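Worksheet: one structure, shown below.
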Amino acid sequence: MTHPRLTANASRPRRSRLLAGVLTAVLVALTAVASPALADSYNDQKANARSRQAAAQAKADALAASIEGLSAELGQAVADLAATQARLPVAQAELTASQVELERTQREATLIATRLEDAQAQETEITTTIAADDARGDEIRTAVGQMARRAYKGETAATSLSVVMESTTTEDFVDQYGMISTALRTQTKALDELEQMEATNRNSQARLTAVKDKVAALKLEADQKVVEADAAKAAAAAREAEIQQLIVDQTAKQAAIAALKSQAEAEAAAADAESNAIAAELADIIARQRAAEAAKPSSSGTGASGGSGSVPGAIFGNPTSISPMYVTSEFGMRMHPVLGYVRLHAGIDLRTYCGTPLYAPRSGSVVWAKTRTGYGNQVMIDYGFIGGSSIMSSSNHLSSFAVRGGQRVDQGQLIGYSGNTGTSAACHLHFEVYLNGTPVNPRSSLGL
């Protein structure tokens, strides 16, 4: 509960589930915005991640504390705006990532297309070479076959003996022998060329098979890059559309909050008035107690007179059923999320769950158990004078009472059940401690 005299938050109504969801979204969004530098070491990245998580948690806690002082309508508007503002930079980062991914896939698609074109050109070249070699091989085989047939038919001199026997002159011998030698060399050369060409073709066929496999793989890769590029393009388009909508929503929510400013001022004024009323009532009670103590003939003056100005150490037990106690929101100054000025959160919020027991932290007298504006159902307990100072405490936002005003309670006695009455976002215990009627940080008195 925010102390309206000094404080920024007036407390808010019952919207626990909504706020929990919004705060989770804000926390996740804030955590996701930045990524560690690529050059950081693994340990540095972990440290950076923890730091960002802590910062995001602090912002989420601050949001929770600021909303607590508002009515349901205002609290919802502020929570919605915070969620939109948290999502906007994340969407912008995602847009940048999508654009980078799109550029990458398009660049890789261009490289793959070039490689595919080269591979297809190689495939065409090798196929053409094989076809030409096959045609040349066919020519050589035909020529060799023709020579073999002529030799078989006796159309060519087959041996040196036939040349000697059939030659009539030396010149005739020389001519015929030269023709036979030339034919033999031509035949041998043709057979060597054919053998070499067949070996070359076998290599070309192997290369062609490899190039065809490469072409097929590149076609698959190119198709995959098209799919990836389409996905990146769609993601970028979706993020652009989302960003435009977020900007529209942000503007609308800011306008809605501005329109509710007078309502926020009225709520803050009501909270101030209630806080002032409580302060006046406590001051009156303390004044009467001091007067009564002073009027006692046997009074030594050590009880009600004077005052140390501080709570004397851990004087309270755990007022909740959660052990150990867990503080969800601290005592301190808060910025009002609508009006923009600082107010005091005059107590600490302790974790409880809806309908769980709450106890008297020390033996004392119940001043009242009733509903107070902003505080919801409140139990105020007076512990009298401790070290010369009046000490009281209040437990707030209860769902129901187990005590009544004027009743004496012992430490640990049931006083009611936790809830989120008044301007409260979720079930919790807002616990305040008053030193001579002024709110002070309850931590030390609870031993925290």
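Just so it is clear, none of the values below were taken in a lab; they were calculated from the coordinates. Everything quoted here is computed from the prediction, not taken from an experiment. Using ideal geometry, Cβ is built from the backbone for each residue, glycine included, and neighbour counts are taken over all protein chains shown.
Fully extending the segment from Arg149 to Lys296 would add 37.8 nm, taking 0.36 nm per residue of separation and subtracting the current Cα-Cα distance. For the peptides 351-360, 214-223, the ranking by mean Cβ contacts within 10 Å, running from highest to lowest, is 351-360, 214-223.
Taking amide hydrogens as placed 1.01 Å from N in the peptide plane, the amide H of Gln413 sits under 5 Å from those of Ala360, each at least 5 positions away in sequence or on another chain. What size of dipole, in debye to the nearest 20, comes out for segment 327-446 about its Cα centre when the only charges are +1 on Lys and Arg C-beta atoms and -1 on Asp and Glu C-beta atoms? Using Cβ point charges on Lys, Arg, Asp and Glu, segment 327-446 gives about 120 debye. Other residues lying with their Cβ under 12 Å from the Cβ of Ala199 contribute a combined charge of -4, Lys and Arg counting +1, Asp and Glu -1.
Put in order of Cβ neighbour count within 10 Å, fewest first, the listed residues Asp249, Asp192 become Asp192, Asp249. Once the chain from Ala231 to Ala131 is taken as fully extended at 0.36 nm per residue, the excess over their C-alpha distance is 31.7 nm. The residues neighbouring Pro312, those whose beta-carbon lies less than 15 Å from its own, together hold a net charge of +2 under the Lys/Arg +1, Asp/Glu -1 convention. Close amide H pairs (under 5 Å, H built 1.01 Å from N) link His428 with Gly419, residues at least 5 positions away or on another chain.
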